[in-house]
1. Only one of A:Asp262, A:Asp205 is touching a residue at least 60 places away in the same chain (Cβ under 8 Å) and out of contact with any helix residue (DSSP H, G or I) (no Cβ under 8 Å at 6 or more places or on another chain). Can you tell me which?
2. Kindly state which strands (runs of 3 or more DSSP E) lie completely within the range B:160-251 and contain at least 1 residues that are open to solvent by 50 Å² or more (accessible area, probe 1.4 Å).
3. Just to check your reading of the model, which residue among B:Ser286, B:Ser267, B:Ser263 is among the hydroxyl-bearing types (Ser, Thr, Tyr), modelled with pLDDT of 90 or more and within 30 Å of B:Ala138 (Cα to Cα)?
4. Looking at A:Asn84, A:Asn107, which is the one that is at pLDDT 95 or above, open to solvent by 20 Å² or more (accessible area, probe 1.4 Å) and more than 8 Å from chain B (Cβ to nearest Cβ)?
5. For the range A:19-36, how many residues meet the condition of being open to solvent by less than 70 Å² (accessible area, probe 1.4 Å) and either outside any helix (DSSP H, G or I) or at pLDDT below 85 (or both)?
6. In the range B:6-26, how many are open to solvent by 30 Å² or more (accessible area, probe 1.4 Å), touching a strand residue (DSSP E or B) at 6+ places or on another chain (Cβ under 6 Å) and either polar (S, T, N, Q) or more than 23 Å from B:Ala439 (Cβ to Cβ) (or both)?
7. Just to be sure before I move on: is A:Asn73 open to solvent by 60 Å² or more (accessible area, probe 1.4 Å), touching a residue at least 40 places away in the same chain (Cβ under 8 Å), in a helix (DSSP H, G or I) and more than 30 Å from B:Ala37 (Cα to Cα) in the structure I sent?
8. Take B:Ser69 and tell me if it is away from chain A (no Cβ under 14 Å), of a type in the set (Ser, Thr, Tyr) and either touching a residue at least 40 places away in the same chain (Cβ under 8 Å) or open to solvent by 40 Å² or more (accessible area, probe 1.4 Å) (or both).
Amino acid sequence: MRVNPNYSNDMATLMDQAQQAENNAAQQLSTGRRVNQPSDDPAAEAAMIGENSRAASVDQYTANSDSLTNVLNTANSTLNSVTNLLQRAVSLGVEGANGDMNQSDLNSIAQEVSGIQSQMLSLANTSYAGQYLFAGTATGSAPYVADPATPSQIDYVGNSQQMKVQIGTGLSVAANLPGSSIFSQPNANVFEGLQSLITALQSGDSSSIATAEVAVNNSLNAVNTAQVFYGGTVNELTNNESFLSQEKLNITTYQNTLVSADVATAATNATASETALNATVAAASQVDQQVNLLDYLK
Amino acid sequence: MGLTSDLNVSVQSLLASTTAMDVTTTNMANMNTPGYARRRVVLEESAPNGPDQSSTGVDVKTIQSLRDSVLDLSINTNTSQQNLNSTVSSALSAVQVVFSDTASGSIGSSMDSFFNSLQQLSTTPASGSLRSSVLTAAANVASAFQSTASVVSQAQQQADQSVVQSTSDANTLLQQIAATNAQINTAQSLGESSNSTQDQLSSLLSQLSAIMDYKTVNSSDGLTLTTANGVPLVVGSKAYSLTNQLNASGNNDVYAGATDITSTIDSGSLGGDLQVRDQSLSTLSSQLDQFAFQFATAVNNVQTAGSDANGNAGTALFNPPNTTSGSATGAASSISVALSSGSQIAAAASGGAVGDNTNLNNMLNLQNQAITNGDTPTNAFANLTFGIGSAISEANSNVTATGNILTQLQNQQSSVEGVSLDEESSNLLLYERSYQAAAKVISTVDTLMGNLLDMGVTNPGY
């Protein structure tokens, strides 16, 4: 068969291919990615989109957990103060009920309990970042207010809703406990208990002081029971955060396997394609200098 | 017989050698001319002279062009394929950027941010600043849809402009092919050589194959060109000129004479532009519209089921896409945010308090529901990315594959039709020698004739 007398076409194609391979390798080395556009590996890119979205969600769930933890910790420490105050009220009630005191002493104890009651009101109306913590979902206004008709009576004006916040795909936690489940539970109402203690102390009747002291103690127990919710939820959030950080790590690892360049391979490819390009160029220049018959026909 | 016939034979030989050298120089001169196939002179013994047929000269029978028309044809077919795929690849490459996972402000990433801003708001539904950031994120989703739709429609317009340009280029070539056909016809009817015109025709056909595919039939009045399904493009010396006419969607269709041939062109750069414009991007554009429409509708449905920060019933978050009823066409390019204040976001269930996030949770659940193109929003976007990526990568591998075939075919073509300087130089030597030999014979005959004439002369001088 007759030999193709024109090499240039072939040479150009070969140089083109070697150049292309070198460009690819250089791009992989400089971006650190094997996949730089959807056409490089459509399936990997499509998977990357899904993983990016998952990673963003995980970040957001982590941020949600963080801010919830702050809120819940604030509520929890508020309830610690509530517990302390109620314990003080109980011991004041015990003191007042033992019958050793004269009315003036009882009055000053009643005075102190009254102070506890107003502190209690301010604690029950604790807000965090402008949101009332114990108002159910009616977080825009103070949940505990003095009854307009009977100023000594404290009314709950929040609702009994709990807010669910997502902390994972298909996983959510209750982010609050309404005041109705803490301070104003039926038969264990903090404010009613304190008010009855004040009234009993002022009346000086030992048995009603004792009854009122039992009522305050009941409300203390009720608050303590409710408080378990906060500790439990914070624990759940902490566990969830460590799960999320593991999840994030898994996602990142998977993303790396999807699109990251294997640096060693890319570097080897770069060298190999450069060698190929050099060889082709050298061959092309050789062909260029190749003698032909005309050189000998003088 | 005799000196005179020797002289005649030598003169014939001189002429034949000259013609052969002409062919050789033509070959050398055209070694790089596109469409040129090397030629060779075909010599034959001339009719013998005299009764004993002792002296027989040489005649130039013909000058043959070494064209392999089957090879030319398959090169043209492959060139068409090659151009189809490279056109598709480069046109779509401009579009794939906005579907990349690293593209900032892509539909996918802006939707992630939108859902994240809802997540954030769900922890503190009453927060004014978080409500505002949801609106901002929603506006980003809308503008991501708009800019993506605009990238797609720009690429479509560019393809359309290329269609117009290619139509006019193809038109010029068809006219030239018809003219060449006429020349070949004339030459053949006069019994003249049409080698040069054939070379031109071959070059024109290969240029046309870069633009579009066609079928050729050899008929009595020269080459007939038709589209793949038989609509005539060139018949003899008549070219059916290609024109553009706007179709219903505002794009240019291609007509040959009065026939719409748009859908029959499926190769060459024109075929590529048409495929990009009428198939790839047209599909992509309607998928985007569906996507935007269904996403907006789903969000609006949840939004209108809840109550906003002021206790009012929620109103649509996204402007109902500016579309004719029931159709999503144009949704992606016209989607926008309808709310003016973050307080209008219906975070609460209907009638719920300001701190209620029930409705937000419903909206967040959309992220994992098959609300768009039968898939979750993220997967719907990933599917678009996969679609365009694989279209380009398929075109690219076709370019490589046809490129390899084409190189192989061109090598073959060159080995048959290509001019080799070595070969031509050695031919030149041969013809030079035979010219010199013929000249030598003539001078010998001259001497002999001189001797003959001198025979009767006294003192001939030697």
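The values are calculated or read from the model by the stated rules, or taken from the named source; none is laboratory data. Everything quoted here is computed from the prediction, not taken from an experiment. Every residue, glycine as well, gets a Cβ built from its backbone with ideal geometry; the counts of neighbours run over all protein chains shown. Note: areas computed on protein heavy atoms with side chains; ligands, DNA, RNA excluded. Shrake-Rupley method; radii C 1.70, N 1.55, O 1.52, S 1.80 Å.
1. On inspection, the qualifying residue turns out to be A:Asp262.
2. Working: elements: B:215-219, B:222-226, B:232-235, B:242-246.
The qualifying strands (runs of 3 or more DSSP E) are B:215-219, B:232-235, B:242-246.
3. Checking each option against the conditions leaves just B:Ser286.
4. A:Asn84
5. 4
6. In the first step, residues of the range B:6-26 are kept if they are open to solvent by 30 Å² or more (accessible area, probe 1.4 Å); the result is B:6-9, B:11-12, B:14-15, B:18-19, B:21-22, B:25-26.
Pick out the ones that are also touching a strand residue (DSSP E or B) at 6+ places or on another chain (Cβ under 6 Å) and you get B:9, B:12, B:19.
Next, from what is left, pick out any that are either polar (S, T, N, Q) or more than 23 Å from B:Ala439 (Cβ to Cβ) (or both): B:12, B:19.
Total meeting the criteria: 2.
7. yes
8. Working: away from chain A (no Cβ under 14 Å): yes; of a type in the set (Ser, Thr, Tyr): yes; either touching a residue at least 40 places away in the same chain (Cβ under 8 Å) or open to solvent by 40 Å² or more (accessible area, probe 1.4 Å) (or both): yes.
Yes, satisfied.
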